[in-house]
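The values are calculated or read from the model by the stated rules, or taken from the named source; none is laboratory data. Fair warning: this is a prediction, and the values are worked out from it, not measured in the lab. Cβ placement follows ideal geometry from the backbone for every residue including glycine, while neighbour counts extend to all protein chains displayed. Heavy atoms of the whole protein, side chains included, go into the accessibility calculation; ligands, DNA and RNA do not. Shrake-Rupley method; radii C 1.70, N 1.55, O 1.52, S 1.80 Å.
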Amino acid sequence: MGIQIDWQAFTPISLVGGLMLGVATVILLLGIGRIAGISGIFSSLLKPKRVEMWQVLFIAGLILSPLLYSLFRPLPDIEISTSIPLLIGAGLLVGFGTRLGSGCTSGHGICGNARLSPRSMAATVTFMLFGIVTVYIGRHLLGLI
């Protein structure tokens, strides 16, 4: 069992999402000097005194994008084959990690690396290494995945 790509279903339109993310990141950074880090944007919405309109629009775009996409193409099937407690635990660990690392994969991995930030490069390497270790332990030692 490994990673398998369905090359029959791949089309150049699949690259549009990445292109849009890159363009939005550049517009946000050059336009208003902000980083497109999802955890930071989302956490700011939980602090009503600091909310700016662009943050609300950014999160709304994340929520509305699949709905807009579904008008033109069917959404891919999603299958969650693990327990709810494991999902909750994973979500809490991700939340803790974003606080500990002062950002998430989008803030560090996309924006920070593009700015050649040493802290973001170290954070991205750490994300990747712990992801690899987690999958190895889950799949090969615990049989969870």
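Under a point-charge model restricted to the Cβ atoms of Lys and Arg (+1) and Asp and Glu (-1), what is the dipole moment magnitude of the chain relative to its Cα centre, in debye to the nearest 20? Provide the component values of the computation, followed by the final result.
Working: 9 positive and 4 negative charges, 122 e Å.
Its charge dipole is roughly 580 debye.
Over the chain, calculate the relative contact order: mean separation of alpha carbon pairs under 8 Å at least 6 apart, over the residue count, as a percent. Present the calculation step by step, with values, prior to reporting the outcome.
Values: 63 pairs, mean separation 31.0, N = 145.
Relative contact order, the chain: 21 percent.
At 0.36 nm per residue, and after removing the present C-alpha to C-alpha distance, how many nm does the segment from Met20 to Ser43 gain when stretched out fully? Walk me through the numbers on the way to the answer.
Details: separation 23, 0.36 × 23 = 8.28 nm, distance 2.29 nm.
Contour length minus Cα-Cα distance gives 6.0 nm.
Compute the normalised compactness of the stretch 1-108: alpha-carbon radius of gyration over 2.2 N^0.38 Å, N being the residue count. All intermediate terms of the calculation are to be shown ahead of the outcome.
Numbers: Rg = 16.6 Å, N = 108, 2.2 N^0.38 = 13.0 Å.
The reported ratio for this selection is 1.28.
Please calculate the 1.4 Å probe accessible area of Arg34, with all protein chains present, and give it to the nearest 10 Å².
Accessible surface of Arg34 is approximately 100 Å².
Would you mind calculating the gained length between Leu142 and Leu75 on full extension (0.36 nm times residue separation, minus the Cα-Cα distance), in nm to one decimal? Display every interim value, and only then the final one.
Working: separation 67, 0.36 × 67 = 24.12 nm, distance 3.18 nm.
Between Leu142 and Leu75, full extension yields 20.9 nm more.
State, to one decimal in nm, how far the label point of Ile13 lies from the label point of Val94, with both points 7 Å from Cα in the Cβ direction.
According to this spin-label approximation, the distance is 2.7 nm.
For the chain, what does the accessible surface come to per residue with a 1.4 Å probe? Please give it in Å². Don't jump to the answer; show the numbers that get you there.
Numbers: 11420 Å² over 145 residues.
About 79 Å² of surface per residue is accessible.
Between Ser102 and Ile132, 0.36 nm times their residue separation minus their Cα-Cα distance comes to what?
Numbers: separation 30, 0.36 × 30 = 10.80 nm, distance 2.06 nm.
Roughly 8.7 nm would be gained on extension.
Kindly report, to the nearest 10 Å², the accessible surface of Phe58 as traced by a 1.4 Å probe over protein heavy atoms only.
40
Rounded if a/c is under 1.5, else prolate if a/b is larger than b/c, else oblate: which is the stretch 67-145, with a ≥ b ≥ c the root eigenvalues of its Cα gyration tensor? Mind dumping the intermediate values first?
Values: a/c = 2.05, a/b = 1.14, b/c = 1.80.
In terms of gyration-tensor shape, oblate.
Rounded if a/c is under 1.5, else prolate if a/b beats b/c, else oblate: with a ≥ b ≥ c from the C-alpha gyration tensor eigenvalues square-rooted, which is the stretch 63-109? Show your work: numbers first, answer last.
Details: a/c = 3.61, a/b = 1.45, b/c = 2.48.
Judged from the Cα gyration tensor, the stretch 63-109 comes out oblate (a/c at least 1.5, b/c at or above a/b).
Summing -39500 (n - 2.57) over the DSSP H runs of n ≥ 4 in the chain and dividing by its residue number, what mean residue ellipticity at 222 nm do you reach, to the nearest 500 deg cm²/dmol?
Details: 5 runs with 79 residues, N = 145.
Per the formula, -18000 deg cm²/dmol.
Rank these by accessible area, largest first, 1.4 Å probe: Asp77, Asp6. Could you put the intermediate results ahead of the total?
Details: Asp77 155, Asp6 95 Å².
Most to least solvent-accessible, the answer reads Asp77, Asp6.
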